[in-house]
Amino acid sequence: MEQPDTFTTSQEHSQRAENQSTADRRAAIGENIKRLERRANHGLYILAIFITLSIVAVQNFSLLPSFPPAVLSALGKPPSAQMISAALLVYLFSAIILTLARMMEGTGKTGGFAHLGYLAAFYFFYHFSGDMDVHFWAVFAAGVTILSLESYHLWQHCREEILKERALLAELDSLTRKSRLHP
Amino acid sequence: MFRSLTTRAIIPVTVTVTGFVVVCFFLLYGLMKEDATRDAVHYETNLADTVIKSARYGMLRDDRETMHTLIDNIGSQEGIEHVRIFNKKGLIMFSRDHAEIGRAVDKREAGCIGCHTGPVPATALGRMEQARQFINGRNVPVIAITAPIYNEPACSSAPCHVHPASQKVLGTLDIGLSAIPLKETLATMRSRMIVFSLMVLCLTIGGVAALLRRSVFIPIQKLAEYAAQRVRGEQGGEIPRFNSELDILAEYMKVQEEGRKRSAAKNPATGP
């Protein structure tokens, strides 16, 4: 006579565990969607930081204290503007190819802050070579291009992932409805 | 807007091509500007050498009248903004502008500071280091050259005004040419490059967009419209045909539709 009770308890337990697991999965998916929504805007934040950096750079870094002459002489002669421009062109070309390749693969990888570092380095090199006024717009256009492309790629990737997560959520909902109708 | 295939395909192409063309435009323009400025400086250095060589005889004979006439004649040429010779102490000895004769030059000014940074002034500078750019009192952009007049054996042994043989530099010629023609040439080059870049951008982006639309987006749109009609239960209209891989998809849709029609005919209760 105990068996049906035990069975019922076990069934309830299993049902409860299943409900618990569904709730956990739902919470995990919700958390994932929030994380993806936050990540989708990362590219724009990096672009905003780059524009701020460019505003400082266009004033020839006058906001920052200048290096003492001893440090400048220790750094040595800066590379020529032509060499920096050639490096900028190679960097822009490879960064675009890399981003387009990532778009084709469909991975959510991005250069992120590394690009910001490279672009800041170009600004500093032009600043030290004394050619910032001539080449500022080249670095700015390169930065806007790379970071916009990366930002668009990340945003698109996150949107696709959010759609997948929402589809999973909808599937979970329909499973829950079915299990309520046919326990 | 961002959900359509057209937008998703065109945005990366537009950003990539526009960005690359714009960066190339700025880099190329920077290089052309540098080359044009170097050519102008080269021309001015040659002109300064010519002036020094022309004045050599007058300086050897200490013929100040000839020197004044020479400087006045050179200074009256079109495009020459200033021409002056100052001595070792920085006193202007000859100038097109007679009012400044006898005035001392500030060694901290651009054009002088290149040699006078250290306690012992440098006696030789590279061609580009001799040049300086500024806007003069008449609001004209100027590219100027300061060329040292070196001591020669003939100068130190001349009977009139002997310089010691140890003195390397006797004086300096300062000649400035208007940079307006250079700036006008650069402006013309810039506008031509802008037109060329815009044409490249329009052709590339327009070409890619047109090809994608013709070969991919319109066929997909037709298939999608056909599928949407069938989902709504509407009949009629031929399945679209394309001369590409999309025909396989169209064929599959046709087979599915025929299968559905057959099963509807067998079991009319279920309906199409």
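Which of the following residues is assigned to a loop (DSSP other than H, G, I, E, B) and either within 14 Å of chain B (Cβ to nearest Cβ) or under 23 Å from the mean Cα position of the chain (by Cα) (or both): A:THR145, A:THR110, A:THR99?
Numbers: A:THR145 fails: assigned to a loop (DSSP other than H, G, I, E, B); A:THR99 fails: assigned to a loop (DSSP other than H, G, I, E, B).
Checking each option against the conditions leaves just A:THR110.
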Please go through segment A:87-104 and give me each residue that is touching a residue at least 24 places away in the same chain (Cβ under 8 Å) and closer than 22 Å to A:VAL134 by Cα, ordered by number.
A:ALA87, A:LEU88, A:TYR91, A:LEU92
When segment A:58-71 is examined, which residues are found to be within 14 Å of another protein chain (Cβ to nearest Cβ) and surrounded by 12 or more Cβ atoms within 10 Å (Cβ to Cβ)?
A:VAL58
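Condition check: loosely packed, with under 13 Cβ neighbours inside 10 Å, at pLDDT 90 or above and assigned to a helix (DSSP H, G or I). Does A:ILE49 satisfy that?
The answer is no for A:ILE49.
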Please determine whether any residue of segment B:59-79 is exposed (fewer than 15 other Cβ atoms within 10 Å of the Cβ), at pLDDT below 90, in contact with a helix residue (DSSP H, G or I) (Cβ under 9 Å, 6 or more places away or on another chain) and within 12 Å of another protein chain (Cβ to nearest Cβ).
no
What pairs come up if the first residue lies in segment A:61-86 and is farther than 21 Å from A:HIS135 by Cα, the second is loosely packed, with under 10 Cβ neighbours inside 10 Å, and their beta carbons are under 6 Å apart, counting only those six or more places apart or on different chains?
none
Can you tell me how many residues within segment A:143-183 are more than 20 Å from A:ILE29 (Cα to Cα) and either buried (at least 18 other Cβ atoms within 10 Å of the Cβ) or at pLDDT 90 or above (or both)?
11
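Could you run through segment B:234-269 and say how many residues are part of a loop (DSSP other than H, G, I, E, B) and closer than 26 Å to B:LEU5 by Cβ?
Step one: list which residues in segment B:234-269 are part of a loop (DSSP other than H, G, I, E, B), which gives B:234-245, B:267-269.
Remaining after also requiring closer than 26 Å to B:LEU5 by Cβ: B:234, B:237-245.
Residues flagged as part of a loop (DSSP other than H, G, I, E, B) and closer than 26 Å to B:LEU5 by Cβ within segment B:234-269 amount to 10.
Quick one: count up the residues across segment A:116-140 that are within 13 Å of chain B (Cβ to nearest Cβ) and crowded, with 17+ Cβ neighbours inside 10 Å.
Narrowing segment A:116-140 to residues within 13 Å of chain B (Cβ to nearest Cβ): A:119, A:122, A:126, A:129-140.
Pick out the ones that are also crowded, with 17+ Cβ neighbours inside 10 Å and you get A:119, A:122, A:126, A:129, A:131-132, A:134-140.
Residues meeting the conditions: 13.
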Evaluate the following for A:SER129: is it polar (S, T, N, Q), out of contact with any Cys (no Cβ under 6 Å at 6 or more places or on another chain) and either farther than 16 Å from A:ASN41 by Cβ or without any contact (Cβ under 8 Å) to a residue 40 or more places away in the chain (or both)?
yes
Can you tell me which residue in segment B:6-42 is nearest to the other protein chains (Cβ to nearest Cβ), limited to those that are within 23 Å of B:ASP174 (Cβ to Cβ) and either without any contact (Cβ under 8 Å) to a residue 24 or more places away in the chain or among the polar types (S, T, N, Q) (or both)?
B:THR37
Regarding segment A:29-39, can at least one residue be identified that is more than 30 Å from A:LEU175 (Cβ to Cβ) and assigned to a helix (DSSP H, G or I)?
no
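The values are calculated or read from the model by the stated rules, or taken from the named source; none is laboratory data. Quantities reported herein were computed from a predicted structural model and do not represent experimental measurements. Because the Cβ atoms are built from the backbone with ideal geometry, glycine has one as well, and the counts that use them run over all protein chains shown.
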